[in-house]
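**Student:** Got a structure for you, written out below as structure tokens; questions coming shortly.
The values are calculated or read from the model by the stated rules, or taken from the named source; none is laboratory data. Fair warning: this is a prediction, and the values are worked out from it, not measured in the lab. Heads up, the Cβs are rebuilt from the backbone with ideal geometry, glycines too, and the neighbour counts pull from every protein chain shown. All accessible areas refer to the heavy atoms of the entire protein, side chains included, with ligands and DNA or RNA removed. Shrake-Rupley method; radii C 1.70, N 1.55, O 1.52, S 1.80 Å.
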Amino acid sequence: MLDSTRSILRAALDGRLPDDREALALAEETDLQPLLEAAAELRDRAHRNVISYSRKVFIPLTQLCRDVCHYCTFAKPPRPGQRAYMTPDEVLEIARAGAAAGCREALFTLGDKPELRYRVARRELDEMGYPSTIAYLAAMAELVYRETGLLPHANPGVMTAEEIAALRRVSVSQGIMLESVAERLFTEKGAVHYGSPDKRPSVRLATIAEAGRQQVPFTSGILIGIGETRAERIASLLALRSLHREYGHLQEVIVQNFRAKPDTKMANAPEPDLEDLLWTIAVARVIFGSEMNIQAPPNLSYDDYPRLVAAGLNDWGGVSPVTPDHVNPEAPWPHLEQLRQRTAECGKVLVERLPVYPAYAFNSERWQDPAMRTAVIRAMDAEGFARMDPWSPGDATVSPPAVDIPRRLDPERPVRTSTREVEEILAWRKAGNDLTEAQIERLFHARGDDYHLVCAAADELRRAVNGDTVTYVVNRNINYTNICYFRCQFCAFAKGKLSESLRGTPYDLDLDEIVRRAREAWERGATEVCMQGGIHPEYTGETYLRILRAVKEAVPSLHIHAFSPLEVSQGAATLGIGVREFLLRLLEAGLGTLPGTAAEVLDDEVRVTLCPDKLSTAEWLRVVEEAHRVGFRSTSTIMYGHIDHPRNWARHLVALRDLQRRTGGITEFVPLPFVHMEAPIYLKGRARPGPTFREAVLMHAVARLALHPYITNIQVSWVKMGVEGVKACLAAGVNDMGGTLMNESISRAAGAAFGQELPPEEMERTIRAMGRVPRQRTTTYGHVPEERVIASFNAPPLAPIVLTPVRKYERRDQPAAAR
């Protein structure tokens, strides 16, 4: 290895990318192994054990082209009796087949500006009423998206600013291969691009730059083996890097190897060998660094494609289960299951992505036209990859994906996709050390073997702390009003003049109805009543005290678990007293414990959008800490899977852990996956449809590991996860199934369909099915008297509930919540 290369690689691994002079010096390096090792390490730092791909359908809108590239078999001259362009029906036939096969991307590939060379193309466009090929492309992209939901990626060649803008409105990404900046390949007679006006490097670079100015997620790359030198390859990569540094829009760089094709001028030209391709991929990774997505098509390396992983790529590109590679028809794509297996043999997990990469999917406000934004947001998971299955919290019609049911891995398995990083974090946790925020975030990214190892570690810790007992509480939810003047973007329960949703009947329960429900709950074996509601504009702290006294007087032995930190803060403010004083009054009136709800995600980066007028993170924590200081215990929650990401979840868990270290007042942690169906923020197109099943299970597993030994009870919400989801979580660190509820209305208002009550008989049947031991508990995890247990089984049906119609009210200016 050259001394200069050694210095360059050392600097790259230290976070300093080579400058242009240093990068060009790599052209002289012939020692491949050090390049491969450095490139693979750089890739793993950003992309971990993930190799992505896009499941696409290939739509060759026209194979006419005004260019005459010497290697191309895609472009064909007009033939008598054949149309110049695919018809809309033909386009839709392919797109629908792709959608039926689970594709996400509609890749439109076509020749450059054929209407400028062929009369038949110009005539056909005129007959269809389109001024240009790209105008027709825009119409077809819009048609495909509208009719099939596939996300268009446009690859039409050189474009004007107006054409890029038109395509941006109907596609989620665009692209053009730079191929090479070697001007001589364009100007010299006999060279590969001679006679092809759209292959002049400056013209192609201008298109790429304009796409950057218009904030289009863009694909580009180089084609190797077409007569360029290694120095010219590097110069091409540097030209792309320069544009990316200016605009930040290059979502991937493709390194594509030339393959000789019959009946072309380069049919007998030598092809770059595998080592040459590996060298180029590795150099591209070193030049661009860890974060860039480096792609090489697997089909162009035939059976050798797994070796490309060692060179630092992190993406296989588009792979179609429906259509051939029309540009390289002699090289069929590998079957997706084979691609998954061969990728795993390289220690990597194959993960589907969208045509727009995660970093650009996250920031759709910037990178997507409003017409396409919602489709991208709804199609992605919390990391920006494609949602791999249709499961969503609360959806009783879809079973959890079998691949994400936690399982014990065979220690002798021949194929491993686990990472040393995750194994070391789990060993650190097992040794009794608290996890850092960065370690917690890393665990939320676990996929493949890493995912199952995290779940197994959480389950092992659960067994050590809680044994095989799974607890639950017989309780009743009473939501005394759904009138609320807050404007939480996720809430489908609240009704009111300023609420985001007016579906359903507004109500405000009379005290008699609240008391009746509490008495009925006691008669059916309940030990707890959980009371929360919207923030009614006419409610004051005295309202909450009156409700407490009435229930406590009617059913003295019933534990009252009530009032979120937001209700406590608002109640104190309406009485003009501090939070501590109001908490003391609640304690005196009979309040037993507080639900740690209204937390949503304890990170103001999320709260500023999700619930802008609620308590801030610091304010929520202060109210709960004050409650603990006066003698209350509380639960803790997270409501996740909407606009949040793993870093927000990690911050939330750290905030709760730090609070518990100070007070010891938290009884359990309850993950509440976002139920999207009727949520305003989802209906507005600004949120994902809840967490994926993998993310939901991980939330429970990672919480067990991150919160230990401070919070030792992890609860699963059967209302949101369903019985099969509950079983999965019971194998991933969960030891508690929460309450029987009797009347669940908040998740149901958002669209959850798993019912309003899970009676003790069903609770215990589910627990025993997992080989665990059921036990009823009190709110604070104490022993339940035998008479209560007996009363809870075979309880009589609930009497019909009464929703007291809301009285007319005028919304007054509300006092600032007490902090």
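**Student:** State which residue is farthest from residue 572 (Cα to Cα) when the search covers only the range 541-561 and only residues that are open to solvent by 20 Å² or more (accessible area, probe 1.4 Å) and in a loop (DSSP other than H, G, I, E, B).
**Tutor:** 557
**Student:** Just a yes or no: is a residue in the range 665-688 modelled with pLDDT of 95 or more, closer than 28 Å to residue 460 by Cβ and out of contact with any strand residue (DSSP E or B) (no Cβ under 8 Å at 6 or more places or on another chain)?
**Tutor:** Taking every residue of the range 665-688 in turn, none turns out to be modelled with pLDDT of 95 or more, closer than 28 Å to residue 460 by Cβ and out of contact with any strand residue (DSSP E or B) (no Cβ under 8 Å at 6 or more places or on another chain).
**Student:** In addition: Taking only pairs six or more apart or across chains, which ones have beta-carbon atoms under 9 Å, a first residue in the range 656-669 that is on the phi < 0 side of the Ramachandran plot, and a second residue that is at pLDDT below 95?
**Tutor:** Cβ pairs passing all conditions: 656/599.
**Student:** For the structure I just gave you, tell me whether residue 180 is open to solvent by less than 40 Å² (accessible area, probe 1.4 Å) and either at pLDDT 95 or above or at negative phi (or both).
**Tutor:** yes
**Student:** Return only the number of the condition from (1) open to solvent by 10 Å² or more (accessible area, probe 1.4 Å); (2) closer than 18 Å to residue 367 by Cβ; (3) assigned to a strand (DSSP E or B); (4) not charged (D, E, K, R) that residue 223 does not satisfy.
**Tutor:** It fails just one condition, (2).
**Student:** Of the conditions (1) open to solvent by 70 Å² or more (accessible area, probe 1.4 Å); (2) touching a Ser or Thr at 6+ places or on another chain (Cβ under 9 Å); (3) among the charged types (D, E, K, R), residue 389 satisfies every one except a single condition; which number is it?
**Tutor:** Looking at each condition in turn, residue 389 falls short on (1).
**Student:** Pull out all pairs, ordered by first then second residue, where Cβ-Cβ is under 9 Å, the residues are six or more apart or on different chains, the first lies in the range 385-413 and is closer than 23 Å to residue 639 by Cβ, and the second is open to solvent by 70 Å² or more (accessible area, probe 1.4 Å) and outside any loop (DSSP other than H, G, I, E, B).
**Tutor:** Once the first residue is closer than 23 Å to residue 639 by Cβ and sits in the range 385-413, its partners that are open to solvent by 70 Å² or more (accessible area, probe 1.4 Å) and outside any loop (DSSP other than H, G, I, E, B) give 387/378; 388/403; 389/403; 394/748; 400/724.
**Student:** From 534, 525, 571, grab the single residue that is in contact with a Gly (Cβ under 9 Å, 6 or more places away or on another chain), more than 30 Å from residue 647 (Cβ to Cβ), touching a residue at least 12 places away in the same chain (Cβ under 8 Å) and not in a helix (DSSP H, G or I).
**Tutor:** 534
**Student:** Next up: Inside the range 306-325, can you point out the residues that are open to solvent by 10 Å² or more (accessible area, probe 1.4 Å) and not small (Gly, Ala, Ser)?
**Tutor:** If the condition is that a residue be open to solvent by 10 Å² or more (accessible area, probe 1.4 Å) and not small (Gly, Ala, Ser), then 306, 307, 321, 322, 323, 324, 325 are the ones that fit.
**Student:** Here is a further query. Residues of the range 670-690 being of a type in the set (A, V, I, L, M), touching a residue at least 24 places away in the same chain (Cβ under 8 Å) and part of a helix (DSSP H, G or I), which ones?
**Tutor:** Correct list: 681 only.
**Student:** Another question, then. Criterion first (among the β-branched types (Val, Ile, Thr) and open to solvent by less than 20 Å² (accessible area, probe 1.4 Å)) does residue 397 satisfy it?
**Tutor:** No, not satisfied.
**Student:** Can you tell me which residue is nearest to residue 47 (Cα to Cα) among those in the range 418-434 that are open to solvent by less than 30 Å² (accessible area, probe 1.4 Å) and within 23 Å of the chain's Cα centre (by Cα)?
**Tutor:** 419
**Student:** Determine which member of the set 647, 657 is charged (D, E, K, R), in a helix (DSSP H, G or I), open to solvent by 40 Å² or more (accessible area, probe 1.4 Å) and closer than 21 Å to residue 439 by Cα.
**Tutor:** Only one candidate passes the filter, namely 647.
**Student:** Look through the range 245-257, keep the residues that are in contact (Cβ under 8 Å) with a residue 12 or more places away in the chain and surrounded by fewer than 21 Cβ atoms within 10 Å (Cβ to Cβ), and return whichever of them is farthest from residue 358 (Cα to Cα).
**Tutor:** 246
Matching residues to (1) surrounded by fewer than 17 Cβ atoms within 10 Å (Cβ to Cβ); (2) not in a helix (DSSP H, G or I); (3) not aliphatic (A, V, I, L, M):
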| site | (1), (2), (3) |
| --- | --- |
| 341 | yes, no, yes |
| 344 | no, no, no |
| 356 | no, yes, no |
| 360 | no, no, yes |
| 366 | yes, no, yes |
| 371 | yes, no, no |
| 375 | no, no, no |
| 378 | yes, no, yes |
| 382 | no, yes, no |
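**Student:** Next question. Considering only the range 268-283, state which residues are open to solvent by 80 Å² or more (accessible area, probe 1.4 Å) and not in a helix (DSSP H, G or I).
**Tutor:** 268, 270, 273
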